[in-house]
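Single-structure report; data block below.
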Amino acid sequence: MTKLTFEQALEQLEKTVKALENKDISLDEAVKMYNEGLELSKLCYELIKKSEALVVKQMTDQGLKEFDVE
């Protein structure tokens with residue numbers, strides 16, 4: 001899978017879900033699309049986790065420092 005942004009991956013995932021809802025596709029095509037959807041879902045999750053890790057840090061005089069949200 002090529003490098004996609006979160007927005008691109010999510011848009012492609014939404015298209016895949018809509019296509020899977022179409023009852024006129026073959027079982028083979030549905031399985032292929034389902035697997036592609038799983039990969040897109042995994043990519044979206046990884047991108048969210050990476051972004052979340054960046055948001056949880058704040059700038060300090062010594063550089064990036066993690067902080068508690070509590």
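Computed from the coordinates by the stated procedures, all read-outs in this text should not be read as laboratory data. Keep in mind that this is a model prediction, so the values were computed, not measured. Backbone-built Cβ (ideal geometry, glycine too); neighbour counts: all protein chains shown.
In which sequence would 15, 23 go, from the one with the fewest C-beta neighbours within 10 Å to the one with the most?
Going from least to most buried by this count: 23, 15.
If R0 is 25 Å, what FRET efficiency do you get for residue 7 and residue 28 from their C-beta distance, rounded to 0.05?
Once the sixth-power term is evaluated, E becomes 0.25.
Using the Cα atoms as the points, what is the convex hull volume per residue of the stretch 16-60 in Å³?
49
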